[in-house]
Amino acid sequence: MTEASLVNRITDFANRADPYPLYEELRATPVLHEEEGGPYVLSSYYDIKALFHDPRISSDAANVAATGRDALNDLQETGGLPPSFLRLDPPEHDRLRRIANSGFGPPHRPRRVDNLRGDMAATVTHLIDGFGDARQVDLVDQFAYPFPVTVICRLLGVPREDEPKFRAWVDPLVASLDPDTRQGADEEFLNSLQESRMALGMYLAGLAEQRTKEPQDDLLSDLVRSDGPNGSMTMMEVLSTAVLLLIAGHETTVNLITNGMLTLLRHPDVLRRLREEPTLAVNIVEELLRYEPPVQIVPQRTCIADIEVRGVTIPKGSRIWLMIAAGNRDPERFKNPERFDPDREDIQHLGFGSGIHSCFGAPLARLETQIALTELARRLENPRLVEDPPPYRPNAVLRGPRHLNIAFDDLR
């Protein structure tokens, strides 16, 4: 096989169910550049970690767009909103993220995420109870997909009576993250997508405006009221941040929960331990973020200066793909990296990125997944996969099963 065909195989949907042998092959050439004008593909843990912290690497949407597009570098429609801080560089990134963090967690709101624990547990119980007398369920559609939307509604302060219409707007937006869905979309879907964007934007704008007059104990109230050392957010920046949490946070958590249950069902000894030792959930989720990360590739990066990595000069203006999933199984960094081991002591994974762009919603996704997997392990009697591997989503960046059909004998 040629080096050029290796990246093509990694992005080929035919290999989505198990890309890890290809990542191993990729690590043999830690800095891979397959063709003139194509991206530089980095797969070593230490190189990826260093570049996450390198100020010569830009995340700015304008810089990324200027370098052209490739198979993974398709900029998402924002529905007229400005880029979120995820797609900005300092100092604008730092200003917006500082304000967002002040409402999301320590030191200003240290208990905000943990205070959602009761709502999360109640939602998980409700969803599992909803399996009813069925002895086979699709874990994605009936559990992992609806759960994060409900939690984000609570976090933002969406009234419970508005949740059904809120979720109806979110569904097409999340569906549009898959490249194949966008490319093969018919006019009806595109119209629905545009209508959902507009409806969601107008709804959030109205809710945010209401919170400026009558603040409550929710994230949206904090975003519209917070002032940082460099000023406050504009209303458009508030909406962009809310949509970032809603869309990016939702898909990441769906994949983390689904990949997690799939991995546990493939490792029944660990599933049994989790049922008997619920505190093991913390270790399990961290190992999952290394072993089966929900975000496999970070393709939206551009060099704003020449950079040398392992003797290879990456020229200014070049696109870079950071292959997180390859770095997470790098034998130079982790012992027995192909083994799923929740007792692993050294587990500084790249699952939520690193540096200034490390995942904003990581505390929320961690807690959601810990609660979800613990309750599924406790309540499903003799769970087992209906098909292995399950059908996967087309997306190579946000990798996870599209459906995960599970059979079980009873509900505890």
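The values are calculated or read from the model by the stated rules, or taken from the named source; none is laboratory data. Note that this is a predicted model, so its numbers are computed, not measured. Methodologically, a virtual Cβ is constructed for each residue, glycine included, from the backbone with ideal geometry; neighbour enumeration extends over all protein chains shown. Protein only, heavy atoms only, side chains kept; ligands, DNA and RNA dropped before computing areas. Shrake-Rupley method; radii C 1.70, N 1.55, O 1.52, S 1.80 Å.
Annotations for the structure displayed:
- Of the accessible area of the range 225-346, computed with a 1.4 Å probe over protein heavy atoms only, carbon and sulfur atoms account for 49 percent.
- Over all Cα atoms in the range 293-341, the spread is summed up by Rg and Dmax: 13.7, 40 Å.
- Relative packing of peptides 156-163, 396-403 - highest average C-beta neighbours within 10 Å first: 396-403, 156-163
- Where the range 1-54 is the region considered: accessible area per residue in Å², 1.4 Å probe: 47
- Solvent exposure of the range 159-285, expressed per residue, is 46 Å² of accessible area, with all protein chains present and a 1.4 angstrom probe.
- Selected from G353, G38, G260 as most flexible by GNM, with the chain as the system and alpha-carbon contacts under 10 Å: G38
- Mean Cβ neighbour count within 10 Å, used as a protection proxy, ranking 291-297, 130-136, 358-364 highest first: 291-297, 358-364, 130-136
- Counting only lysines at least 8 places from K213 when in the same chain, those with an alpha carbon closer than 25 Å to its own are K165.
- Once both labels are positioned 7 Å from their Cα atoms along Cα-to-Cβ, the gap between N336 and K165 label points is 5.5 nm.
- Applying a DSSP loop filter and a limit of 15 other Cβ atoms within 10 Å to the GluC sites (Glu not before Pro) in the range 306-412 leaves E332, E338, E345, E387.
- The range 263-359 shape via C-alpha gyration tensor axes, a/c threshold 1.5: prolate
- Within the listed set A199, A65, A28, the Gaussian network model of the chain (springs between alpha-carbon atoms below 10 Å) gives the highest mean-square fluctuation for A28.
- Rounded to whole numbers, the Karplus 3J(HN,Hα) couplings from phi for the range 329-336 are 10, 7, x, 5, 10, 10, 6, 6 Hz, using 6.51 cos²θ - 1.76 cosθ + 1.60 with θ = phi - 60°, and x at Gly and Pro.
- Solvent exposure ordering (accessible area, 1.4 Å, most first) of H93, H53, H126, H349: H126, H53, H349, H93
- Solvent-accessible area, 1.4 Å probe, carbon plus sulfur percent, for the range 1-58: 51
- Loop-located trypsin sites (Lys or Arg not before Pro) in the range 296-334 whose Cβ has at most 15 other Cβ within 10 Å (DSSP): R310, K316
- When each full DSSP H helix of the chain is screened for a Cα extent of at least 27 Å along its own axis and an average Kyte-Doolittle hydropathy of at least -0.5, the helices passing are 187-213, 235-266.
- Taking Cα centre as origin and charging only the Cβ of basic (Lys, Arg, +1) and acidic (Asp, Glu, -1) residues, the dipole magnitude of the range 249-371 rounds to 300 debye.
- Within a straight-line Cα-Cα reach of under 24 Å, K335 can be paired with the following lysines, leaving aside sequence neighbours fewer than 8 residues apart in one chain: K49.
- Normalised contact order of the range 1-57, rounded percent, pairs of Cα under 8 Å and 6 or more residues apart: 23
- Relative contact order of the chain: 26 percent, from C-alpha pairs under 8 Å at least 6 residues apart in sequence.
- Per-residue surface analysis assigns W169 an accessible area of about 50 Å², computed on protein heavy atoms at 1.4 Å probe radius.
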